[in-house]
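Working notes, structure below.
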Amino acid sequence: MKKTYEIEVDCANCANKMEEAAKNTKGVANAVVNFMALKMIVDFEEGADEKAVMKEVLKNCKKVEDDCEIYL
Amino acid sequence: MNKKQKKMLMRIIITFIIMIALYFLKKFLDESIKEPFWFILYMIPYFIIGHDILKKAFKGIINRQVFDECFLMAVATVGAIALALLTKSGDYTEAVAVMLFYQVGEFFQTYAVRKSRKNISELMDIRPDYANVIRDGIPVRVDPSEVSKGEIIEVNPGEKVPIDGKVVEGKTTLDTAALTGESVPRTVNPGDDIISGCVSLSGVVRIETTKDFGESTISKILELVENSSSKKSKSENFISKFSRVYTPAVCYGALALALIPPIVLLVLGQSPVWTKWIYRALTFLVISCPCALVISIPLTFFAGIGGASHEGILVKGSNYLEAMAAVKYLVFDKTGTLTKGVFEVTGIHQAVMDDDELLKIAAHTECKSSHPIAKSIISAYGKDIDDKNVSDIEELGGYGITSSYSGMNVAVGNSKLMDKCGVAYDPCPECRGEGTTAHISLDGKYAGHIVISDRIKDGIENLSSMLKKAGVRKTVMLTGDSEEVARAVADRLHIDEVHAGLLPGDKVDLVEKLLSEKNEGDKLAFVGDGINDAPVLRRADIGIAMGSLGSDAAIEAADVVIMDDDPRKVARAIEISRKCLRIVYENIYFALGIKGICLLLGAVGIANMWMAIFADVGVMVIAVLNAIRALKGVKK
């Protein structure tokens, strides 16, 4: 299951870090951050609760780059 | 500029003013004023400009995300201040300046990225904002998604068509430039299909919607464009991997530079000059920021994809744009790709009467048939059919049609029909391989024949030379059509290799064979109309579909979609991708080259921290400006 989220982040390197953090979150099969379009495309693992997973993703992203935002 | 950026600009200006003031203050004030007076004064601009960097660096350490540019900047500037305190030089300007210029660079970068993001989205701004739906006889302005299938919408001059449909009332000319890059307006009349995203130019039309907004062409395209560049190219992946290795490597390098030379000097019994080496190590850190690379490469691809879609070429991801640049083998499908896919009367030969008169007789005979050949003859005739004059129409499957027209016995059909009717005919030297022939006989006598063929698209005669110029080594045409017809098309277009009489499965096999024969780095692209070519489109390195405006299958199966079905756009797409890639490599070599030189100069002590920060910001500015060039495409 794939979902697209709008994000807010300032630099390309930070976007890469967010992508890495999202990928390593439990319940996320794959994640791609598109810095230029300011979008995060998350591919959830089967049976994952997206809302709960996205909360974790946001937490992990904030950890690596506190100046970022994901509009859930 | 948003709030955040305005605040940043203010911080930059204030810091700059304070620094100038401090410079003069230091010049005119008595030397006798002692520390920590200057230290405290200089810390004011330092914190104004750098507090967020310091905070981020600190948070990074806590969250075990040590190696980022904030960390580099924080260590470098704090280190420089500590050195100034230690050596009692009182030179704090350098640390503040490094922070200041770093922020100026960041500011510029954010500004440039936002600006180009806006430009590119404006370029692709084809989303209709509203629809005028007719409810109870009055046009009501609603969101396009609220209109259901089968409702009537009104489009006024200057408005975008919001939803796919059929014109039921009025006529207008349409500007399809946003979708196809084609500048010649297209005229639509009642009964014609109309696709969303076009702009009505001259008249008011009412349209019966045939699709929901979400299913309409425009939504499909927007979805595609917005999700493009999410598929990352090799160069982008290289850079993100690179920066993950690079930053820690530079940090350890700096540490080594600070420790090893003094220790060696100490062992050799000389003065270790710790401060000198620490200073060099700090300079090293400032130079090492990977921003220029990290930002410019996705920006280039984004701009390239944006520029291409402006010309009616939709690329589904940076990886495909990258692969396009290496296309050496181009395989075309014939029907619908190189030819119009519509049968047309292309010649009337050996007629015993006026061509128009013959066409009239044939059209009347064929008037009840739905065979594609009959349709093309009727449309070539173009005038009203008066079916009172025709009687006894008999369709003989696989042969043709016979009828009685104005008292004459007419037979229109293939050579088998002529043989069957016992009509003698001569093989025509003029129309070999041209297409399908419909012979006509009147009262048992041969009266000539009409040639119907699938026309080659207009203006593509020099397609091969355009492609060769764009770097394609070999062009191949695949078709299910007969050898003769295929040859005729291939000769006209100077296609290198032709395979005719193929079934869809054979096409896959042939593409597999070509794929196995080519060199490792070369790419093979297949261009087709996307509906029955889906397996081949998927199998090729790059599948290019003729969008045939509105064909979902084409848009989904392919990696690149040519919106206006013009095969010349394939050459354009290759040119754009090559330019894009050239810029990417320019930036990689340029940024890495300059950084390498500066790191070396910093290590041996020639470059100081000022030069380092200028190099860092300068490289980034140039790389970003260079990246934006990709938006412009290539000169036509």
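For this structure, a couple of remarks:
- For the residues B:Gly312, B:Gly304, the requirement of being in contact with a Leu (Cβ under 9 Å, 6 or more places away or on another chain), within 30 Å of B:Val498 (Cβ to Cβ) and of a type outside the set (A, V, I, L, M, F, W, C) singles out B:Gly312.
- Every residue from the range B:356-374 that is of a type in the set (Asp, Glu) and in contact (Cβ under 8 Å) with a residue 40 or more places away in the chain: B:Glu366
- Annotation: of all residues in the range A:24-72 being within 14 Å of chain B (Cβ to nearest Cβ), in contact (Cβ under 8 Å) with a residue 40 or more places away in the chain and more than 14 Å from A:Met1 (Cβ to Cβ), the one that is surrounded by the most Cβ atoms within 10 Å (Cβ to Cβ) is A:Cys61.
- Some residue of the range B:278-300 being among the hydrophobic types (A, V, I, L, M, F, W, C), out of contact with any helix residue (DSSP H, G or I) (no Cβ under 6 Å at 6 or more places or on another chain) and in contact (Cβ under 8 Å) with a residue 12 or more places away in the chain: no
- Matching option when the condition is buried (at least 22 other Cβ atoms within 10 Å of the Cβ) and modelled with pLDDT of 85 or more, among B:Thr210, B:Thr217, B:Thr172: B:Thr172
- Looking only at the range B:254-288, and only at residues there that are part of a helix (DSSP H, G or I) and among the small types (Gly, Ala, Ser), the one that is surrounded by the most Cβ atoms within 10 Å (Cβ to Cβ): B:Ala254
Table: residues versus (1) within 28 Å of A:Met36 (Cβ to Cβ); (2) touching a helix residue (DSSP H, G or I) at 6+ places or on another chain (Cβ under 7 Å).
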residue	(1), (2)
B:Val75	no, yes
B:Val78	no, no
B:Ala97	no, yes
B:Tyr111	yes, yes
B:Asp136	no, no
B:Glu159	no, no
B:Pro162	yes, yes
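- A:Met1 touching a residue at least 40 places away in the same chain (Cβ under 8 Å), more than 14 Å from chain B (Cβ to nearest Cβ) and either in contact with a strand residue (DSSP E or B) (Cβ under 9 Å, 6 or more places away or on another chain) or of a type in the set (Gly, Ala, Ser) (or both): yes
- Selection from the range B:531-552 of residues that are at pLDDT below 70 and more than 27 Å from B:Ser516 (Cβ to Cβ): B:Ser548, B:Leu549, B:Gly550, B:Ser551, B:Asp552
- Only one of the numbered conditions (1) touching a strand residue (DSSP E or B) at 6+ places or on another chain (Cβ under 6 Å); (2) buried (at least 19 other Cβ atoms within 10 Å of the Cβ); (3) within 18 Å of B:Leu442 (Cα to Cα) is violated by B:Ser376, and that is (3).
- Checked against (1) at pLDDT 85 or above; (2) exposed (fewer than 15 other Cβ atoms within 10 Å of the Cβ); (3) within 14 Å of another protein chain (Cβ to nearest Cβ), B:Gln103 passes all but a single condition, namely (2).
- Given (1) more than 14 Å from chain A (Cβ to nearest Cβ); (2) in a helix (DSSP H, G or I); (3) in contact (Cβ under 8 Å) with a residue 24 or more places away in the chain, index of the condition B:Ile348 fails: (2)
- Considering the range B:75-171, the qualifying strands (runs of 3 or more DSSP E), each wholly inside and each with 2 or more residues that are under 30 Å from the mean Cα position of the chain (by Cα) and more than 17 Å from B:Tyr42 (Cα to Cα), run over B:165-169.
- The residue that is nearest to the other protein chains (Cβ to nearest Cβ), among those in the range B:235-277 that are free of Cβ contacts under 8 Å to residues at least 24 places away in the same chain and of a type in the set (Val, Ile, Thr), is B:Val245.
- Yes/no for A:Met18 being assigned to a helix (DSSP H, G or I), touching a Cys at 6+ places or on another chain (Cβ under 9 Å) and either in contact (Cβ under 8 Å) with a residue 24 or more places away in the chain or more than 9 Å from chain B (Cβ to nearest Cβ) (or both): yes
The values are calculated or read from the model by the stated rules, or taken from the named source; none is laboratory data. The model shown is predicted, which means the values in this text are computed figures rather than measured ones. Cβ coordinates were reconstructed from backbone atoms using ideal geometry, including for glycine residues, and neighbour counts include every protein chain displayed.
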